[in-house]
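Have a look at the structure below, then the notes.
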Amino acid sequence: MKRVRFVLAILVSLCSLASLYAQKKQLVIYTWEEMIPQEIFDDFTRETGVEVVLKTFDFNEDMLVELEMNNGGGFDLVIADDYIVEFAINEGLAQKLDKKLLPNLRNVNPFYQHHFYDPDDEYTVPYGAGIQTIVYNPDKVNFEIRGLSDFWNPGLRNRVGITANYRVINGMVLKTMGSGYNETDPEIIDAAGDRLLDLVPNVAVIQDMDLDELILNGDIDVALMYSDQVFKSMMQNPRLKMVYPREGIGFGIMPAFIPLNAPNPEAAHWFLNAIMERRRGARCFEYLGYFCTFQASDPYIKQEYRPFLLLPTEERNGRTVSRFGNYEFMFNLPEEAEAAHARIWDAFTVAMSQR
């Protein structure tokens, strides 16, 4: 009996070691679709022997719930939006980076560091950044669009496409009223709701995905798009016009972080360091279509892509600042303000469905 128990103990130990070895040979990345080119995964596996497994989510909140359910485990590397990453860090679901394993951190553009979600850059690496930008077809729109307020022009009836992110669209409306994305006054938010309802006749579609395809196909003539959609549409039809709204811009960063109980944090560090390499970073952002956050990769971005992938900046008083005007991050809001934003968005979507 003792010998049987001894043999069983050895088998259990061997199984545990085999499981641990399998984990060490695998890197699980959790993010949206089409964030990293397959060739980058293939290169990483060839160089390290670690297989990359990509798992995707549609909404940031889904990612956070999954991470909470797994107590900060289940995934080795997560890429999400800044505001939700702030939640993950504050809830203790992220681990601090071992910067000794990340020599290529020196390649990061300082413009994308020291922001609200990770002020000391202890937990994150910025992987891309974006804005909400106007794109329109000047062959079909008979006036020059200069800002967000132009979306209410009666000549654009049923010709406008907008994203499905309520904070982005509510913020757009608030910008036209002289406020901003992070408004917390319920009365001002309600007033924005009234103005948003006035936009209903002009809106043809509300969706996050494929707005670039809709404007290229002529289904809409003007849209508020994310940076990657602007890139795709402008590259296929250079006659389209891109406009930085005169009222100001919503700005966001997509940080990468390692969950607290990641099965293979070492491989996650290896991967982060790999994509921050100059030429490899350029390949990532040419695929991604968002602003390149690795300054050392800027010279390797193809010339024709640079107007869309390199943030227009200048040095001012020793700081790197944006040249496209007033920009604003979207922060997490108090519960009452968040509820007010959700309420006016619900009223808008109901009005859209009843047209």
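For the peptides 119-128, 133-142, the ranking by packing is 119-128, 133-142, with the highest mean count of neighbouring Cβ atoms within 10 Å listed first.
Counting every C-alpha pair in the chain, the share spaced more than 32 angstrom apart comes to 37%.
The chymotrypsin sites (Phe, Trp or Tyr not before Pro) of the stretch 55-95 meeting both criteria, a DSSP state outside H, G, I, E and B (loop) and at most 16 other C-beta atoms within 10 angstrom of the site's C-beta, are 59. Report the number of Lys pairs in the chain whose alpha-carbons are under 18 Å apart, with separation of 8 or more residues or on distinct chains. Going through the chain pair by pair, I get 5. Where both bridge residues fall in the chain, DSSP classifies roughly 60% of the beta bridges as antiparallel. Charge dipole of the stretch 269-319 (Cα centre as origin; +1 on each Lys and Arg Cβ, -1 on each Asp and Glu Cβ, all else neutral): 100 debye, rounded to the nearest 20. Qualifying trypsin sites (Lys or Arg not before Pro) in the stretch 201-256, where qualification requires a DSSP coil assignment and no more than 11 other C-beta atoms within 10 Å, comprise 239. In the elastic network of the chain, a GNM with C-alpha springs shorter than 10 Å, the most mobile of 115, 341, 269 is 115. Cβ crowding within 10 Å, taken as a proxy for footprinting-reagent exposure, orders 212, 198 from fewest neighbours to most as 198, 212. Highest GNM mean-square fluctuation among 319, 195, 280, for the chain modelled with Cα contacts below 10 Å: 319.
Within the stretch 66-97, which GluC sites (Glu not before Pro) sit in a loop by DSSP and count at most 16 neighbouring Cβ atoms inside 10 Å? Those satisfying the criteria are 91. From the alpha carbon centroid of the stretch 247-277 to that of the stretch 41-103 is 7 Å. Distance from the Cα centroid of the stretch 144-181 to that of the stretch 200-223 is 13 Å (rounded to whole angstrom).
Using just its DSSP H runs of length 4 or more, each adding -39500 (n - 2.57), the chain gives a mean residue ellipticity at 222 nm of -12000 deg cm²/dmol after division by all residues.
Coordinate-derived values only; no laboratory data. Bear in mind the structure is a predicted one, so any value in this text is a computation, not a measurement. Backbone-built Cβ (ideal geometry, glycine too); neighbour counts: all protein chains shown.
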